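Just below is one structure, and these are the notes that go with it.
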Amino acid sequence: MNARTHETEGGLGTMDGSVTPVQETGLAAGPIVVEARNLRKVFTPQDGNPPVVAVEDVSFQIRRGEFTVLLGPSGCGKSTTLYMIGGFEKVSGGELMLHGKPVAGPGPDRGIVFQDFVLFPWRTVLGNIMFGLEMMRRFDRAEIRARAEHYVQHLGLAGFENAYPSTLSGGMKQRIAIARTLATEPEFMLMDEPFAALDAQTRDRLIADLSRIAGEQNTTFVFVTHDVREAIRLADRIIVFSPRPSRVVQSIQVTLPRPRDSYDPRLLEIDRELRSLIGRHAPDDPAS
Ligand code: ADP
Ligand code: MG
């Protein structure tokens, strides 16, 4: 089976459970657009409580056009890492480079989608999608409408253009949030567990649709999840985080053909190996 390429000698991780350094190979097509080197983030509470090391020492590379998933258990610093890429959180140590320059702050090149949809209840579906485009102040009204209508179709929202978010399901709301961000055509789509609150069936359809859409866009996706199966269905590359103190355990390429079926035996095999890798780095593991 050659469904994915291990990038470290000896397969996924090492037998003794120690953390394997990540070795990037030049297998992927695109140039490196994001690079973290010994990235660190410490939160210092104002109330005198001790500092929290959210990200201990994280190194990885993201290539243009790749769908990259940051995978790891809750609390390991995935969101914090994503927000540093987005420029919403400052870096405490190490380096975080975007096109070879340190991330200086947020920018329209990086669109973000959160788990909790932040939609305007007083705007229709189309109005919500138009919002991001209006903020850009780059297009006239007709262009904004045309673009928004395109993404309505693209995200399967046709027929709901004039509905208000409160009348729609969680899955539909998340489609609106994704459409609104994609419509601005950012270079990067940063997504923080966008499907975590959805029921299994809705989530399944959204994963399939996002996988298809990602294949049609030039966008570089950086998607955070703690769900192994979701990661494998979506990713070209999975960057596996250990529990806190967080490090990158492994960076693997997933080359399974799309669309990916959850029950494909090759997918299940990667699922099994990833779970075993993550398990070896669990906090109750004396080897970790
Ligand atoms: P993940 O997304 O992997 O679940 P997070 O990046 O949200 O993890 O958080 C990593 C750690 O940093 C957690 O222990 C969390 O409680 C802590 N943390 C996150 N944001 C803050 C903050 N603003 N202030 C203090 N601690 C924080
Ligand atoms: Mg998170």
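Which of the residues belonging to the stretch 146-197 are within 16 Å of ligand 1 (Cβ to nearest atom), part of a loop (DSSP other than H, G, I, E, B) and in contact with a Leu (Cβ under 7 Å, 6 or more places away or on another chain)? Reasoning before the result, please.
Taking the stretch 146-197 as the starting set, the residues that turn out to be within 16 Å of ligand 1 (Cβ to nearest atom) are 190-197.
Narrowing further to those that are part of a loop (DSSP other than H, G, I, E, B): 193-197.
Matches in the stretch 146-197: Phe195 only.
Tell me which residues, restricted to the stretch 199-244, are away from ligand 2 (no atom under 16 Å from the Cβ) and assigned to a loop (DSSP other than H, G, I, E, B).
Asp199, Gln217, Asn218, Thr219, Ala235, Asp236
Of these, Val248, Val228, Val254, which one is in the same structural domain as Gly93 (by TED's automatic domain parsing), in contact with a Ser or Thr (Cβ under 8 Å, 6 or more places away or on another chain) and touching a residue at least 24 places away in the same chain (Cβ under 8 Å)?
Numbers: Val228 fails: in contact with a Ser or Thr (Cβ under 8 Å, 6 or more places away or on another chain); Val254 fails: in contact with a Ser or Thr (Cβ under 8 Å, 6 or more places away or on another chain).
Matching residue, one of Val248, Val228, Val254: Val248.
It is to be established whether one or more residues within the stretch 86-108 are among the aromatic types (Phe, Trp, Tyr), surrounded by 15 or more Cβ atoms within 10 Å (Cβ to Cβ) and out of contact with any helix residue (DSSP H, G or I) (no Cβ under 6 Å at 6 or more places or on another chain).
Filtering the stretch 86-108 down to residues among the aromatic types (Phe, Trp, Tyr) leaves 88.
Among the residues that remain, those that are also surrounded by 15 or more Cβ atoms within 10 Å (Cβ to Cβ) are: 88.
Filter once more, so that each one left must be out of contact with any helix residue (DSSP H, G or I) (no Cβ under 6 Å at 6 or more places or on another chain): 88.
For the stretch 86-108, residues among the aromatic types (Phe, Trp, Tyr), surrounded by 15 or more Cβ atoms within 10 Å (Cβ to Cβ) and out of contact with any helix residue (DSSP H, G or I) (no Cβ under 6 Å at 6 or more places or on another chain): present.
Being within 15 Å of the chain's Cα centre (by Cα) and farther than 23 Å from Val240 by Cβ is the filter; apply it to the stretch 183-207 and report the residue that is surrounded by the fewest Cβ atoms within 10 Å (Cβ to Cβ).
Glu187
Could you grab the pairs with beta carbons closer than 8 Å, sequence gap of 6+ or different chains, first residue in the stretch 199-211 and free of Cβ contacts under 8 Å to residues at least 40 places away in the same chain, second one of a type in the set (Asp, Glu)?
Every condition considered, the pairs that remain are Arg203/Glu230; Ile207/Glu230.
Residues to consider are Ile232, Ile239; find the one that is surrounded by 24 or more Cβ atoms within 10 Å (Cβ to Cβ), modelled with pLDDT of 95 or more and under 19 Å from Ile112 (Cβ atoms). It would help to see each step written out before you state the result.
Working: Ile232 fails: under 19 Å from Ile112 (Cβ atoms).
Answer to the check: Ile239.
Inspect all residues belonging to the stretch 10-32 and state whether any of them is surrounded by fewer than 20 Cβ atoms within 10 Å (Cβ to Cβ) and modelled with pLDDT of 90 or more.
Yes, the stretch 10-32 contains a residue that is surrounded by fewer than 20 Cβ atoms within 10 Å (Cβ to Cβ) and modelled with pLDDT of 90 or more.
Within the stretch 50-79, take every residue that is within 13 Å of Asp227 (Cα to Cα), within 10 Å of ligand 2 (Cβ to nearest atom) and not small (Gly, Ala, Ser) and give me the one that is surrounded by the fewest Cβ atoms within 10 Å (Cβ to Cβ).
Step one: of the stretch 50-79, the residues within 13 Å of Asp227 (Cα to Cα) are 69-74, 78.
Within this subset, residues satisfying the condition of being within 10 Å of ligand 2 (Cβ to nearest atom) are 70, 72, 74, 78.
After this cut, where a residue has to be not small (Gly, Ala, Ser) as well, the list is 70, 78.
Values: Leu70: 30, Lys78: 26.
Here the answer is Lys78.
Per-residue answers, yes or no, for (1) in contact with a helix residue (DSSP H, G or I) (Cβ under 8 Å, 6 or more places away or on another chain); (2) hydroxyl-bearing (Ser, Thr, Tyr); (3) modelled with pLDDT of 95 or more:
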position	(1), (2), (3)
His154	yes, no, no
Leu157	yes, no, yes
Phe160	yes, no, yes
Ala163	yes, no, yes
Ile176	yes, no, yes
Pro186	no, no, yes
Asp192	yes, no, yes
Ala197	yes, no, no
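In the stretch 166-197, what residues are within 16 Å of ligand 2 (Cβ to nearest atom) and of a type in the set (A, V, I, L, M)?
Leu190, Met191, Ala196, Ala197
For Pro259, indicate whether it is within 16 Å of ligand 2 (Cβ to nearest atom) and outside any strand (DSSP E or B). I'd like the intermediate steps shown before the answer.
On the way: within 16 Å of ligand 2 (Cβ to nearest atom): no; outside any strand (DSSP E or B): yes.
So Pro259 fails the test.
The values are calculated or read from the model by the stated rules, or taken from the named source; none is laboratory data. Remember, predicted model here, so these are calculated numbers, not experimental data. FYI the Cβ positions are ideal-geometry reconstructions off the backbone, even for glycines, and counts take in every protein chain you see.
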